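Below: one structure, written as structure tokens.
What follows draws every value from the coordinates through simple rules; no lab data is involved. A quick note: this is a predicted structure, and the numbers were derived from the prediction, not measured. Note that each Cβ is placed from the backbone with ideal geometry, even for glycine, and that neighbours are counted across all protein chains shown.
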Amino acid sequence: MMRIGDLPQTLAVFPLSGALLLPRARLPLHIFEPRYLAMIEDCMKTPARLIGMVQPRAAGGDEALQAVGCAGRLVSFAETDDGRYMVTLQGISRFRILGDVDGFAPYRRCAVDWSGYERDTGAAESDPGFEREGFMALLARYFASRGVTADWDSLRGAEPEMLINALSQMAPFSPEDRQALLEAPDLTSRRKTLQTLIEFALLGGDAEDIVQ
């Protein structure tokens, strides 16, 4: 397991709207743009094999990024017949962007700060206030409203962190909502944010009002 002190101070970043990577969770990616194909190839040459997932800002121009992203270790790689890459990242730790780093790479590289996210590289988090039955009832209503089917036995048996993070990643929330879930300081805060977003969606509201 990586420690905060072992993580690099410069990171290749992949700006992708709506993509949410969380510590200890996995994110599959389909890579086809030449600059990001080069990023994957360079990543595989490094011992840590880390890529920083970060969302663009809704405002601020094409170059503006959210301040907080999550680094993932490349743990799975496959190449298609037409040269695309199918990869999977394992979430390692969140980071805060300090600024761009100049260089000759076709993709962006940023100086990053890992401080404040020491918990991300540790064991799975617990959520002492998690009430599974009430949460599952809320989730059932939300899935029914969206016409979504689910493996309820697997959901009921999942550990709280795996369940909350998986739902945060898969639910059809806006990029701003996903950023709020990413920046939640701990699992309890993320679960409460997730519940609020689901409840607001069931009321037919605009979830973006919650996180602004």
Subject >> Option label - Cα extents along the principal axes in Å computed here, alternatives (1) 51, 37, 36; (2) 51, 43, 40; (3) 74, 54, 21 >> reply: (1)
Subject >> Long-range HN-HN contacts of MET53 with modeled amide H, under 5 Å >> reply: PHE14, CYS70, ALA71, GLY72
**OP:** May I ask for the angle, rounded to the nearest 10°, between helix 132-146 and the longest principal axis of the chain, with both axes built from Cα atoms and the value confined to 0 to 90°?
**Re:** 80 degrees
Original post:
Helix 187-202 versus the longest principal axis of the chain: what is the Cα-based angle in degrees, 0 to 90, to the nearest 10?
Top reply: 60 degrees
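Figure the gain on full extension for ALA64 and MET86 (residue separation times 0.36 nm, minus the Cα-Cα span) and round it to one decimal in nm. If you can, show how the numbers build up before the last one.
Working: separation 22, 0.36 × 22 = 7.92 nm, distance 2.65 nm.
The ALA64-MET86 span can extend by a further 5.3 nm.
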Subject >> 10 °C / 1.306 mPa s Stokes-Einstein diffusion coefficient of segment 36-103, Kirkwood radius on C-alpha pairs, µm²/s >> reply: 118 µm²/s
**OP:** Provide the gained length on full extension for the span ASP6 to LYS45, in nm with one decimal, where the gain is 0.36 nm per separating residue minus the Cα-Cα distance.
**Re:** 12.3 nm
**OP:** Set Lys and Arg Cβ to +1 and Asp and Glu Cβ to -1, take the dipole of the chain about its Cα centre, and tell me which of LEU50, LEU163, THR193 lies farthest positive.
**Re:** LEU50
Original post:
Helix 160-170: angle to the longest alpha-carbon principal axis of the chain, degrees 0 to 90, nearest 10?
Top reply: 70 degrees
Original post:
Taking the Cα centre of the chain as the origin, how large is its charge dipole in debye, to the nearest 20, when only Lys and Arg (+1) and Asp and Glu (-1) carry charge on their Cβ atoms?
Top reply: 300 debye
Original post:
How high is the relative contact order of segment 4-121, in percent, with contacts defined as C-alpha pairs under 8 Å that are six or more residues apart?
Top reply: 34 percent
